[in-house]
């Protein structure tokens, strides 16, 4: 559960002053896209495993978009990666399994690490 709080609190603090130049990619866009995919995966997996978190991970994704304020192609890529994470597991898991629990733990670890690294490198 600490990793749940870590990702959420880091995302809420993530203001990323090193935004991309208008229309261009930011140096952290690849990391943001991976984090978006992880959030989509967690939105589906936590629900199928009975976490009763409602829209928690979708809301975290919205906070990420609001903090970074991407537009155009950048926004599309980030949103597409969230949807890819969600749909990928939706096609695989209909019920919670030990493999789904393992995936949740791994994604929580990876998401927290990415969020910490982005914050350390690019936030004030």
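The values are calculated or read from the model by the stated rules, or taken from the named source; none is laboratory data. Bear in mind that the values here come from a model prediction, so they are computed numbers and not experimental data. Here Cβ is always computed from backbone atoms with ideal geometry, including for glycine, and neighbour counts include all displayed protein chains.
In a helix (DSSP H, G or I) and at pLDDT below 90, is that true of residue 119?
Answer is yes for this residue.
State which residue is surrounded by the fewest Cβ atoms within 10 Å (Cβ to Cβ) when the search covers only the stretch 68-78 and only residues that are out of contact with any helix residue (DSSP H, G or I) (no Cβ under 7 Å at 6 or more places or on another chain) and touching a residue at least 24 places away in the same chain (Cβ under 8 Å).
72
Only one of 35, 64 is at pLDDT below 90, in contact with a helix residue (DSSP H, G or I) (Cβ under 9 Å, 6 or more places away or on another chain) and part of a helix (DSSP H, G or I); which?
Answer to the selection: 64.
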